[in-house]
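Trainee: First, the structure itself, so that you have it in front of you.
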Amino acid sequence: MLTHEDIWRGIDRLARHAQTSPSGLARRAGLDSTTFNPSKRVSADGKKPRWPSTESIAKALAAAHLDFDDFASLISGTPRTGALPSRGLADTAAADPFDPTGYPTGADWDAIPFPGLAPGEAFALTVQDSSMLPVYRPGDRLVVSHEAPTRVGDRIVVQRRDGTRGAWTLAEKTIQSVRLSPLDPSKPDFNLPLTQIGWLARIVWVSQ
């Protein structure tokens, strides 16, 4: 049974999937901008929960190009077949959202439709800042796969053992380190010892 909290969590995750805020999602769906605001989720006295209408949810899903099955997946945090787990690239949670082999773990993931790949084959990371300009901009989604072999010249995501992660070009790989080229060509390459790397995986697709 879906609870009041479940439905509103799904709305918030739907907004993140659409790379906007709840008010931005409402505007995109042709609704009043306050439709999904936190203030509309309870009565004025704070005692009675308010629910979004099925019509407003349907319009929001249409604006995000998803259906009700996708919405159920957003609520549960379990991706559908043909959907991928997704989160922010630079997002550093208190608990590492990846297992020791670099695969998504835990419930704090959204899901995005992506035909042709299963959740166990890849995941998506959204660029959140301008550190990877001019190649990747804020809002770009990187689909990353451990299943794809990495070769010199590939663009990869690297997570260090301290939990930080970013995108680079793989310039060289030895038995002790990798040489990484920043996506900004004005910045120099640098060597990163393998002992400092938690995992690395190839970027196989980008939404821009």
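Trainee: Using DSSP to call loops (not H, G, I, E or B), can you name the trypsin sites (Lys or Arg not before Pro) in region 9-53 whose Cβ has at most 15 other Cβ atoms within 10 angstrom? Let's see the in-between values first.
Mentor: Working: sites: Arg9, Arg13, Arg16, Arg27, Arg28, Lys40, Arg41, Lys47, Arg50; in loops: Arg41, Lys47, Arg50.
Those satisfying the criteria are Lys47, Arg50.
Trainee: Moving to a separate point now. Hey, can you grab everything whose amide H is under 5 Å from the amide H of Trp199? Only 5+ residues off in sequence or another chain; H modelled, so Pro and N-termini drop out.
Mentor: Gln159
Trainee: Decide, for region 1-75, between rounded, prolate and oblate: order the square roots of the alpha carbon gyration tensor eigenvalues as a ≥ b ≥ c, take rounded if a/c falls under 1.5, and otherwise choose prolate if a/b is larger than b/c, else oblate.
Mentor: Details: a/c = 1.91, a/b = 1.29, b/c = 1.48.
Since a/c reaches 1.5 but b/c is at least a/b, the shape of region 1-75 is classed as oblate.
Trainee: Now a separate question. Excluding residues on the same chain fewer than 8 positions from Lys40, give the lysines whose Cα lies under 28 Å from its Cα.
Mentor: Output for Lys40: Lys48, Lys59.
Trainee: Still on this structure, I have one more. Enumerate the amide H contacts of Gly88 below 5 Å, restricted to partners 5 or more residues apart or on another chain; note that Pro and chain-start residues carry no placed amide H.
Mentor: Thr126
Trainee: GNM, the chain, Cα, under 10 Å: largest mean-square fluctuation among Ala95, Ala148, Ala171?
Mentor: Greatest mean-square fluctuation among the candidates belongs to Ala95.
Trainee: What are the lysines whose alpha-carbon lies under 21 Å from the alpha-carbon of Lys187, with same-chain residues fewer than 8 places away excluded?
Mentor: Of all the lysines, those that pass the test against Lys187 - Cα under 21 Å, at least 8 places apart if same chain - are Lys173.
Trainee: Among (1) 20.3; (2) 16.7; (3) 18.6, which is the computed Kirkwood radius over Cα pairs in Å?
Mentor: Read-out taken from this structure: (3).
Trainee: While we're here: What list of ³J(HN,Hα) couplings, whole Hz, do you get for region 169-179 from phi and the Karplus terms 6.51, -1.76, 1.60, once you set θ to phi - 60° and write x for glycine and proline?
Mentor: Rounded to whole hertz, the list is 9, 6, 9, 6, 9, 10, 6, 10, 7, 10, 9.
Trainee: Calculate one ³J(HN,Hα) per residue across region 139-154 by plugging θ = phi - 60° into the Karplus curve 6.51 cos²θ - 1.76 cosθ + 1.60, and present them in order as whole Hz with x for glycine and proline.
Mentor: x, 5, 9, 9, 8, 10, 9, 7, 6, 7, x, 9, 10, 4, x, 6
Trainee: Highest GNM mean-square fluctuation, the chain, Cα pairs closer than 10 Å: which of Val158, Val178, Val144?
Mentor: Maximum fluctuation in the GNM of the chain, among the listed residues, is at Val178.
Read the figures in this text as sums done on the coordinates, not as results from a lab. Predicted model only: the values in this text are computed from it and were never measured. In this analysis, Cβ positions are derived from the backbone assuming ideal geometry, glycine residues included, and neighbour counts consider all displayed protein chains.
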